[in-house]
1. Read through the list (1) touching a helix residue (DSSP H, G or I) at 6+ places or on another chain (Cβ under 8 Å); (2) of a type in the set (A, V, I, L, M, F, W, C); (3) in a helix (DSSP H, G or I), then give the number of the only condition that Ala136 fails.
2. Among the residues in the range 129-150, are any touching a Leu at 6+ places or on another chain (Cβ under 8 Å) and at positive phi?
3. What residue, of Arg82, Arg52, Arg62, Arg77, is in a loop (DSSP other than H, G, I, E, B), basic (Lys, Arg) and closer than 25 Å to Asn28 by Cα?
4. Among the residues of the range 98-116, is any outside any helix (DSSP H, G or I), among the hydroxyl-bearing types (Ser, Thr, Tyr) and under 23 Å from Glu205 (Cα atoms)?
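The values are calculated or read from the model by the stated rules, or taken from the named source; none is laboratory data. All of these numbers come straight from a predicted model, not from anything done at the bench. Neighbour counts run over all protein chains shown; Cβ positions are idealised from the backbone, glycine included.
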Amino acid sequence: MDDNEPHTDTATSAEPTIDPAAWDCLANWSEAEREYFWMGPFGGGVPGVVRRIRRILDVSQRGLAAILGVSQSVVARWETGRTSPRVDVLQRMLRLAGVKVELRDEATGEPVEPMRADGARKHGGSRFPAHTDLTATGWWIPREFREMTTVDYFVWRDRSRKRRDPAIRYRLNPYLKRRERALFGVPCDHPAVHQLAAEAEHLDEVREARLGSRRGLPPAA
């Protein structure tokens, strides 16, 4: 070959081949996905979180998939935003990476905590509606004994007081709920049972003080 002739490298001049079976091949993406991709960069969102976790753990998609017990294609779909991991799976990945998620109010920047796990529950064991506010109205008495004309009312009241089992009320009516919140503010969480029991005890003290004032008795020390 003449040294003056231009040299062509067939290995570099050949056009790259597209493997349509590869998960990250643009040929597999829709037109909308390609347009969105080239409009970036954007905040990573959930796909970026998954990639950050992989970077912290220093594992490939296949490696993360093996840890989680899923297929590599599932991790690939998370990272392209086609699907998202379940919350419990995301929490597991965060624990593996030693990362803690913190919620903040978008307007004030103040931290927002999850609702407490030991919040008061109904007698059946279910939680009260999260959007309602709980207040104690006294001590719990079964519905059929709530007439104060029966002995059972006082038996159950004393029994619940001994067990520290308060009667808990919540409102679903939007107007009444707004009115109470305007008067007393918006609680940040549901109180625990022992806090509502203390509120019921306070109601007992207020009631006894009122009865004593009517009878002309001095307040209890």
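1. (3)
2. Among the residues of the range 129-150, at least one is touching a Leu at 6+ places or on another chain (Cβ under 8 Å) and at positive phi, which makes the answer yes.
3. Just a single option satisfies the conditions, and that option is Arg82.
4. No, every residue in the range 98-116 fails to be outside any helix (DSSP H, G or I), among the hydroxyl-bearing types (Ser, Thr, Tyr) and under 23 Å from Glu205 (Cα atoms).
One line per residue, one yes/no per condition, for (1) touching a residue at least 40 places away in the same chain (Cβ under 8 Å); (2) among the charged types (D, E, K, R); (3) over 26 Å from Leu196 (Cβ atoms); (4) assigned by TED's automatic domain parsing to the domain that holds Phe184:
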position	(1), (2), (3), (4)
Arg86	no, yes, yes, no
Gln91	no, no, yes, no
Arg95	no, yes, yes, no
Ala107	no, no, yes, no
Gly119	yes, no, no, no
Gly124	no, no, no, no
